[in-house]
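In what follows, a single structure is set out as structure tokens and then discussed.
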Amino acid sequence: MTKALFMIFLVLINALPAGALEVDIDELKKTMDREIVFINYQGRHDKIETAVEIKDIGRLLATALERDGSKGQIFLKYSIIRAVDPTEEGKFDADIISIDPEAKVDHIDNVRRITAGYLEAAHGYSEADARLLAKFATIYNAVFRGDLGYFSENYKALVLSHINEQNAGISTRYFEWPGATRMLIPLSVEEKGKLSALITSELTEEKVIEEMRKQEDMGLEDRKEMVEFKDREVEEKEEEAESERKRLEDERAKLEEKKEELKKGEAISEERKALVEKERELEREERELEKKEEDIRKKEEEIARERTGIIEDERSKDRDAELVAEERKEAVMAAIFADKLYYMKVRERDAEGYTTSTLSIIDPVPETIMITSPVSHISGRNYYFYKELILVIAHERKASSPAHLVLLHPHTLEEIGRSGDAVYPRSFLSFQSGYIYAVVENRGAFHLGRFDEALKLNARSEDMVDEDSAFALFGEKLYINSPDGDILILDDMDLSRRGLIKQ
Amino acid sequence: MRSVVYRIIIVLFFLSLFTAKLNALKENLSDLSWRFVTGGKILYKPAVDHRGIIYFASDDRHLYAVLPEGREKWSFALRSKPSSSPVISYSGTIYIGCVSGKFYAVAPNGSLRWCFDSGSGACLNPALGRDGTIYLPTSGGTLYALDFAGNEKWRFKARAGISSSASIGPGGSIYFSSTDRRLYALNPSGEKKWEARMSGSVGTPAVGLDGNLYVNSSGIQAISPNGKHLWHYSIPARTADPVIQSDGIIIAGAQNARLYAISSRGKKIWDLYIGEAMQSPAAVAEDNSIFVGTENNHLYVVTPDGRVQWVFSAKRTVRIPTITEDGSLYFGSDDWILYALKLKAGGPDDGPWPIYLHDTQHTSRFNGLKDLCSPAAMILKELAYSNSIDLKFAALSDIEQYIEGRKFLAVHVQSLEEILAFLALEGVTYRVYEQGTVINNYPQVRLRSCEILGSLATEGAWNILLDVIHNDSDSMVKTTAVGALARIGADVNGRAVKTILFELEKSSAGQQQFIFAALTALERIAEKEGFRDPSLIPHLVRITQGNYSKRIREQALRVLHALAPGKELEK
């Protein structure tokens, strides 16, 4: 049995995508201050319940609430309170889901399952919609955890009477959930089964979206789903408003007709009174409809804003990807080019410890050497991407023979150009305006040379230089050590002396 | 218990192999050229015109036009969710249907040409007759025939709601299906030819080289052009609409996660278990590679012999792909993104129905655009290229009536652009000399051509007008060209502003009419495009202070305000 479980483990590991990482709890703790990251229990469980069983907890909560009308509890672990007060206006009612002290829930996914089960059963949402709303509800309640200031601004007194600073919302740490979690589900009092029973605008409050944007994927897919959900809400309300508008227009037409009739004939005062009453009623309904239509317009504006935010975030990902691609292109050391890994392998060391190397392309999958350059004595361990080619300093035949600048084809690694002039094998190289600066060697004397892209030497310093010197280009000047240890200042074009900094 | 555990191990093992295989395939992706993000799901197939401009609709209630390099050209507000793919007419007008029952005809510059309100439910994918007639099916069960100007010619009421796009066969017969499992055939004048009761729900028919219909209904069924049932290849799952390769092989994916290749005689050639349900029709490329999207967010590329070649991942369901002549592949996804991939597989296959809705312009007609090498185009060219100014004007008059919706010509917009380019530049860049004198200089023809190009409003017309402004020395022609350019409006890459600015700098104070027209054009462009090119400002300021008429100076000031309202101008 143990063997079998071990095999399952191995297979599961194999099934994971190559990029999968383990959750680093320490790292998560570091980011706690700036980001909603739920910390879930990672250890062994004595008893494992299925996702369906966990979701059923939510459904049972809904049943318990239905029985009582204002509250319910199940297994002495989870409670639900319906805090609806029709006498107070302008603020939200709420369903409050409480995780009680005896509850053992220790993963945010399970809190979401319970919430989704509740929303499905109590408010008639579809499975997918309930799952989405539950996710937003948990993030919303984590963002405003313990923020009584915020809650009191937005929720009715009855709702506030059920929460305090310690239990309002949900903590991001699973061990703080039992006995200290009261999640608010903002409600509008409408019929069951209507998409807008739950106030989605509140769940997608600016801070909630900001939190989601901190996620690696900026919460984009969830945000898109929420926009689509709101879109359906609006469509449903628009349909209602449209049929209501038609009904009221018909009523208005009938009323006007009646009024005309009354004008013509001698009307009984009771009839007139009834007509006036009817007109008042109609006007009230028309005002209500206008208010509804205004709400729809506001909701549409809200959706448009959220769409724009999502589009901008998606496009920023493209820009980031472009930047990364650009940086990658500029990388001069070991890099993957066209899915290939360039690798410099040490070939030999001379008595002084200097190395020569060979350059190969390795296919990372399935880790084989695809090709090795025929240029077999590359000095040192460095290669450079230069004008979409690869530049190295390589010896002619063996490590002791003169070295030259050599350009290699990026795919075949074959030599496609070589400087006529010898360079110091371990020369520092620098690049500016398409030119290559390197120390050139002539019978034991070292000068600074400037090569064009065809590796032709088109300038050489009069002054001798320290062959191991690094050099720096600044504006039109180049700084390099003289053999005496002074710093020579050379013209970057003709390499004539422009100054000297004495040691 | 032990056997259960071993079963789980076996399942997981194969799952791991599949995942590993998928990951390896994903490493081998073809290049993603670009992505275009919208504000809603992209459920319908993108259409592509002869210049590579991509038109598609998003659930954010907009029709988009995107340039081949991935930049937005314009967007058109639909005020309702789309319910069809865009269809590009021969004159370049883009048709799109909506859930609200509205059917829009949008000019190539994004302005509304006309709108037809079906009042019979959502407008589904229409088919385009050879004479420009639009056969528009609606979910309410009525198929409308509209002429190219949007006027109703006739209507046909099916027994139930229509459930498919319309397709047109070789003889012009119109085919579509309804929710009560019927397949209908109408003749081009709207009379019913036949109706066939099918064994399952019916999709959109594809028409084979033999004129037979291949349609999804409990698998794939073949029906002859006179309604006779030929064969039935049963698939035990909901099947996507089929496409047909050049060798007659029918390709369709299904909800059971299998992709099928079926011969034109109804025999299975191969089937491939992909492991992901397919609802959308596939597309076949020139090298017979098959591209198909799945509900598990992937686009699969399958070799002609039925092996997975590579996989591309989106974030949500991948919808119907379209392949263009230059080897680009475009598809939308439920993740709100239009993806553009560069293929190594070439353009679309040369088959009778290689992609859904037949071709990239979505004519849904057998032979589609191939039918358009018509006598009308040849006659028009003969008139335009003649030496007679009267015949040239006759050609222009025909074209104008066509664009204005008064007279249909079976001429593709590409031919119109070709003819208008010739007439607008004849005597300027196309010169005929006789004894050292240009003998084909017709400024009035050029002027008239420019006016018509402004109405044509295509990307091609735009480019021709820029050429005229740049090359023509006749002030009146230039003035007309600039005015026409302003009517088209958008200047996505800033080329028009640069050209106009250059010509303004060259112009003398005497060319007041041209300067005024140029400034008006700049104002129109600035209204559409906003602040783009700050190098314009000093030049405009010079005009406001220069030796020009009051009208011109005021116009320059208006352009300045349009370019940089408020604080930007102060800067």
Highest to lowest packing among B:498-507, B:333-342, A:68-77, scored as the average C-beta count within 10 Å | B:333-342, B:498-507, A:68-77
Given H placed on each backbone N at 1.01 Å, which residues far from B:SER83 in sequence or on other chains put an amide H within less than 5 Å of it?
-> B:GLY97, B:CYS98, B:VAL99
Hz values of 3J(HN,Hα) by residue in segment B:252-263 - Karplus curve (6.51, -1.76, 1.60), Gly and Pro given as x | 7, x, 8, 5, 7, 6, 10, 9, 10, 10, 10, 6
Using amide H atoms built 1.01 Å from N in the peptide plane, name the residues 5+ places from B:GLY203, or on other chains, whose amide H lies under 5 Å from its own.
-> B:ASN216
Long pairs among A:LYS299/B:LYS73; A:LYS254/A:LYS292; A:LYS135/A:LYS230, criterion Cα-Cα beyond 26 Å | A:LYS299/B:LYS73
For the protein assembly as shown, go through all pairs of different Cα atoms, get the mean of 1/r, take its inverse, and jot down that Kirkwood value in Å.
-> 35.3 Å
Please state, to two decimals, what the Cα-based radius of gyration of segment B:106-186 comes to when divided by 2.2 N^0.38 Å (N = residues).
-> 1.08
For n ≥ 4 DSSP H runs only, could you compute -39500 (n - 2.57) per run for chain B, divide by its residues and tell me the 222 nm figure to the nearest 500?
-> -9000 deg cm²/dmol
Reference-scaled alpha-carbon Rg (2.2 N^0.38 Å with N residues) for chain B = 1.09
Kindly state, as a whole number, the per residue volume in cubic angstrom of the convex hull around the alpha carbon atoms of segment A:261-312.
-> 59 Å³
Would you be so kind as to identify which of A:LEU248, B:VAL432, A:LEU60 lies farthest towards the positive end of the dipole of the protein assembly as shown, taking Lys and Arg as +1 and Asp and Glu as -1 on Cβ and the Cα centre as origin?
-> B:VAL432
Among B:THR138, B:ASN288, B:LEU504 - extreme Cα towards positive end, dipole of chain B, charges at beta-carbon | B:THR138
Which is farthest toward the positive dipole end of chain B among B:THR179, B:ALA196, B:LEU43, measuring Cα position about the Cα centre, with Cβ charges +1 (Lys, Arg) and -1 (Asp, Glu)?
-> B:THR179
By how many degrees, between 0 and 90 and to the nearest 10, does the Cα long axis of helix B:375-385 differ from the longest principal axis of chain B?
-> 20 degrees
Taking Cα atoms only, helix B:413-425 is inclined relative to the longest principal axis of chain B by an angle, in degrees rounded to 10, of 10 degrees
Under-5 Å amide H pairs with A:VAL423, H placed in peptide plane, nonlocal only = A:ALA403, A:HIS404, A:LEU405, A:GLU441
Beyond 20 Å, what share of the Cα-Cα pairs of segment A:49-214 is found? Please give it as a whole percent.
-> 45 percent
Which of A:LYS224, B:LYS407 comes first, and how do the rest follow, when ranked by fewest Cβ neighbours within 10 Å?
-> B:LYS407, A:LYS224
If you put +1 on each Lys and Arg Cβ and -1 on each Asp and Glu Cβ, how big is the dipole of segment A:78-138 around its Cα centre, in Debye rounded to 20?
-> 240 debye
Here the FRET efficiency for A:LEU262 versus A:GLU290, based on Cβ atoms and R0 = 30 Å and rounded to 0.05, is 0.65
Quick one: Debye curve from the alpha-carbon atoms of segment A:336-501 only, equal weights, vacuum; give me log10 I(q)/I(0) at q = 0.16, 0.17, 0.18, 0.19 Å⁻¹ to two decimals.
-> -0.90, -0.99, -1.08, -1.17
Among A:LYS291/B:LYS81; A:LYS224/B:LYS157; B:LYS102/B:LYS392; A:LYS237/A:LYS278, which pairs are too far apart, with a Cα-Cα distance over 30 Å?
-> A:LYS224/B:LYS157; B:LYS102/B:LYS392
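All of the numbers you see were taken from the coordinates with simple rules; none came from a lab. This one's a predicted model, so the numbers in the text were calculated from it and none came from an experiment. A quick note on method: Cβ atoms are made from the backbone with ideal geometry, for glycine too, and the neighbour counts reach across all protein chains shown.
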